[in-house]
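A.B. asks: Here it is: the structure, laid out below.
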Amino acid sequence: MNHLSMEQILERIYQLEQFDEMRITRDQVHEMVREHLLFSHSPEIGRKVNQIHDAFIHRTIELAEHMLEDEGFGKPPVPYAFILLGSGGRREQTLWSDQDNGLIYEESEDHSEEELDDYFIKLVDCILRGLDILGYPPCEGNVISSNKQWRKPISMYIEMMTAWFMEPDWENVRYLLILADMRCIFGSKALVDRLKGEFLAYVQKHPSILKYLLSNTLHHRITLGVFGHLITERYGEDAGGFDIKYGAYIPIVNGIRLLAIQAGIMHSSTLERIRLLEETSFIPKQLAVEWQAAFGVALKLRDMTPYQLADEMYTTRGKLNAEQLTKEIKQELKHCLRTGMELQKYVRKSIDSHIETEKG
């Protein structure tokens, strides 16, 4: 595997016919990429990791469809979209990412709601069984297509989303921001584009909703000590380490996402959102350069976090340990955090100004 090209790896994945075979290949690819990360990190490796995840998930869905057909349940009765949320939706998965997914399908005059739901329950069960075998742990927050909340017709998705907008309590806003990162990994991209279009149209019509999205967005604050030192973990097995996921990566992701929502940008990748914000003159070029650099550091350090296999699932706590915080890493991290703090201030100012302008 060490000498296989990206094209050969993807070709091998799409030739596999069994989930168990796919797991063996994933373990081999995982080890190969991990060895590369020990020596150097680059955005290109991150892109390749996400291409590989996409291929494993895409092939899992293909095999699930074939299995249902072989069992006599036929082909999908209506067009559907299997969507990735979270880091998968943003194309920012690490080697150890979990499952955050949903399923959207069209209504049909030829099939009852019960018939459609019955088919897609079976399909989702098969897909998730495959992803489980491949070592993708299910989302701890139950944002997963086995949960009926995240598996329904497009009209019911729009209804649910509108209800969240109209009652923007903490949990509903959390769900809205999760939905903002959705990406079609398999099936009808048109369904996802329609839902995203409805999302952005609502925000444009009701700009006051941005203040609720802002509150949730700034929940994870980027902080440095009074004298510019890192605030590390104080207790437990991570004592002396730093929480890269929630201390740097998530706050930057959240800030950029809200600016993208404000600007009406449909793309879900953080780097693409920054590029489009700059391209449409929503932010100045200098800010885009600074944010891209800080986000690159957050991605690199997140990829360095130790991982473990728990019940055959690849997992990580998203924290660098004390030994990894070398002088060079600390300098990079502090610069990233300072930029992130300025980003959060910019987001607050931008949203407050937008709401005031719309009121006027």
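The values are calculated or read from the model by the stated rules, or taken from the named source; none is laboratory data. Computed from a predicted model, the values in this text were never measured in an experiment. Cβ: placed from backbone, ideal geometry, glycine included. Neighbour counts: every protein chain shown. Just the protein is used for accessible areas: all its heavy atoms, side chains included, with ligands, DNA and RNA removed. Shrake-Rupley method; radii C 1.70, N 1.55, O 1.52, S 1.80 Å.
A.B. asks: Go through the residues of the range 248-265 one by one and say whether even a single one is of a type in the set (D, E, K, R), assigned to a helix (DSSP H, G or I) and farther than 22 Å from Asp98 by Cβ.
C.D. replies: no
A.B. asks: Give all pairs with beta carbons closer than 6 Å in which a residue from the range 219-238 that is farther than 15 Å from Tyr249 by Cβ meets a residue that is of a type outside the set (Lys, Arg) and part of a helix (DSSP H, G or I); count only pairs at least 6 apart in sequence or on separate chains.
C.D. replies: Correct list of pairs: Leu224/Leu337.
A.B. asks: Kindly indicate whether any position in the range 33-53 is in contact with a Gly (Cβ under 9 Å, 6 or more places away or on another chain), at pLDDT 85 or above, of a type in the set (D, E, K, R) and over 18 Å from Phe186 (Cα atoms).
C.D. replies: No, the conditions are met nowhere in the range 33-53.
A.B. asks: Any idea which residue in the range 300-353 is nearest to the chain's Cα centre (by Cα), counting only those that are in a strand (DSSP E or B) and among the aromatic types (Phe, Trp, Tyr)?
C.D. replies: That would be Tyr314.
A.B. asks: Could I ask something else about it? Can you tell me which of (1) among the β-branched types (Val, Ile, Thr); (2) open to solvent by 90 Å² or more (accessible area, probe 1.4 Å); (3) closer than 18 Å to Thr316 by Cβ is the one Ile244 doesn't meet?
C.D. replies: Going through the list (1) among the β-branched types (Val, Ile, Thr); (2) open to solvent by 90 Å² or more (accessible area, probe 1.4 Å); (3) closer than 18 Å to Thr316 by Cβ, Ile244 breaks only (2).
A.B. asks: Of the residues that sit in the range 65-82 and are touching a Phe, Trp or Tyr at 6+ places or on another chain (Cβ under 9 Å) and among the small types (Gly, Ala, Ser), which one is farthest from Arg12 (Cα to Cα)?
C.D. replies: Once the filter is applied, the top-ranked residue is Gly74.
A.B. asks: Pairs needed: first member in the range 172-197, over 14 Å from Asn101 (Cα atoms); second member anywhere, among the charged types (D, E, K, R) and part of a loop (DSSP other than H, G, I, E, B); C-beta distance under 9 Å; at least 6 residues apart or different chains.
C.D. replies: Matching pairs, first to second residue: Ser188/Glu106; Leu191/Glu106.
A.B. asks: Of the conditions (1) touching a residue at least 60 places away in the same chain (Cβ under 8 Å); (2) assigned to a loop (DSSP other than H, G, I, E, B), Phe73 fails just one. Which one is it?
C.D. replies: Of the numbered conditions (1) touching a residue at least 60 places away in the same chain (Cβ under 8 Å); (2) assigned to a loop (DSSP other than H, G, I, E, B), the odd one out for Phe73 is (1).
A.B. asks: Something else: Show the residue pairs meeting these rules: Cβ distance below 7 Å; 6+ apart or different chains; first residue within the range 314-338 and among the basic types (Lys, Arg); second residue in a strand (DSSP E or B).
C.D. replies: Listed by first residue and then by second, the contacts come to Lys319/Phe242; Lys319/Asp243.
A.B. asks: Give the residue that is least open to solvent (accessible area, probe 1.4 Å), with candidates limited to residues of the range 346-360 that are modelled with pLDDT of 95 or more and of a type in the set (Lys, Arg).
C.D. replies: The residue in question is Arg348.
A.B. asks: Tally the residues that are assigned to a loop (DSSP other than H, G, I, E, B) and within 22 Å of the chain's Cα centre (by Cα), restricting the search to the range 278-294.
C.D. replies: Matching residues across the range 278-294 total 0.
A.B. asks: Okay, moving on. Is at least one residue of the range 28-41 assigned to a loop (DSSP other than H, G, I, E, B), touching a Ser or Thr at 6+ places or on another chain (Cβ under 7 Å), open to solvent by 30 Å² or more (accessible area, probe 1.4 Å) and not aliphatic (A, V, I, L, M)?
C.D. replies: Among the residues of the range 28-41, not one is assigned to a loop (DSSP other than H, G, I, E, B), touching a Ser or Thr at 6+ places or on another chain (Cβ under 7 Å), open to solvent by 30 Å² or more (accessible area, probe 1.4 Å) and not aliphatic (A, V, I, L, M), which makes the answer no.
A.B. asks: Just wondering, is there one or more residues in the range 60-74 that are open to solvent by 40 Å² or more (accessible area, probe 1.4 Å), among the aliphatic types (A, V, I, L, M) and in contact with a Cys (Cβ under 6 Å, 6 or more places away or on another chain)?
C.D. replies: yes
A.B. asks: Something else about it: Applying the selection to the range 194-228, what residues are open to solvent by less than 90 Å² (accessible area, probe 1.4 Å), under 30 Å from Glu323 (Cα atoms) and not small (Gly, Ala, Ser)?
C.D. replies: Step one: of the range 194-228, the residues open to solvent by less than 90 Å² (accessible area, probe 1.4 Å) are 195-203, 206-210, 213-218, 220, 222-225, 228.
Cutting the leftovers down to under 30 Å from Glu323 (Cα atoms) gives us 218, 220, 222-225, 228.
Scanning the range 194-228 gives Leu218, His220, Ile222, Thr223, Leu224.
A.B. asks: Where in the range 78-171 are the strands (runs of 3 or more DSSP E), entirely inside, with at least 1 residues that are in contact (Cβ under 8 Å) with a residue 60 or more places away in the chain and buried (at least 23 other Cβ atoms within 10 Å of the Cβ)?
C.D. replies: Where strands (runs of 3 or more DSSP E) fall fully within the range 78-171 and carry at least 1 residues being in contact (Cβ under 8 Å) with a residue 60 or more places away in the chain and buried (at least 23 other Cβ atoms within 10 Å of the Cβ), they are 80-84, 101-105.
A.B. asks: If you don't mind, there's one more thing I want to ask. Consider Leu4 carefully, then state whether it is aliphatic (A, V, I, L, M), over 23 Å from the mean Cα position of the chain (by Cα) and open to solvent by less than 20 Å² (accessible area, probe 1.4 Å). Before the answer, list the steps.
C.D. replies: Values: aliphatic (A, V, I, L, M): yes; over 23 Å from the mean Cα position of the chain (by Cα): yes; open to solvent by less than 20 Å² (accessible area, probe 1.4 Å): no.
No.
A.B. asks: Anything in the range 5-26 that is in a loop (DSSP other than H, G, I, E, B) and among the charged types (D, E, K, R)? List them, or say none.
C.D. replies: Answer for the range 5-26, where residues must be in a loop (DSSP other than H, G, I, E, B) and among the charged types (D, E, K, R): just Glu17.
A.B. asks: Further question: Considering only the range 47-68, how many residues are under 19 Å from Tyr80 (Cα atoms) and not hydrophobic (A, V, I, L, M, F, W, C)?
C.D. replies: Number of matching residues: 7.
A.B. asks: Now for a different question. Restricting attention to the range 266-277, report how many residues are assigned to a loop (DSSP other than H, G, I, E, B) and under 20 Å from Arg338 (Cα atoms).
C.D. replies: 0
A.B. asks: Would you check if Thr270 is touching a residue at least 24 places away in the same chain (Cβ under 8 Å) and crowded, with 21+ Cβ neighbours inside 10 Å? Working first, answer last.
C.D. replies: On the way: touching a residue at least 24 places away in the same chain (Cβ under 8 Å): yes; crowded, with 21+ Cβ neighbours inside 10 Å: yes.
So Thr270 fits the description; yes.
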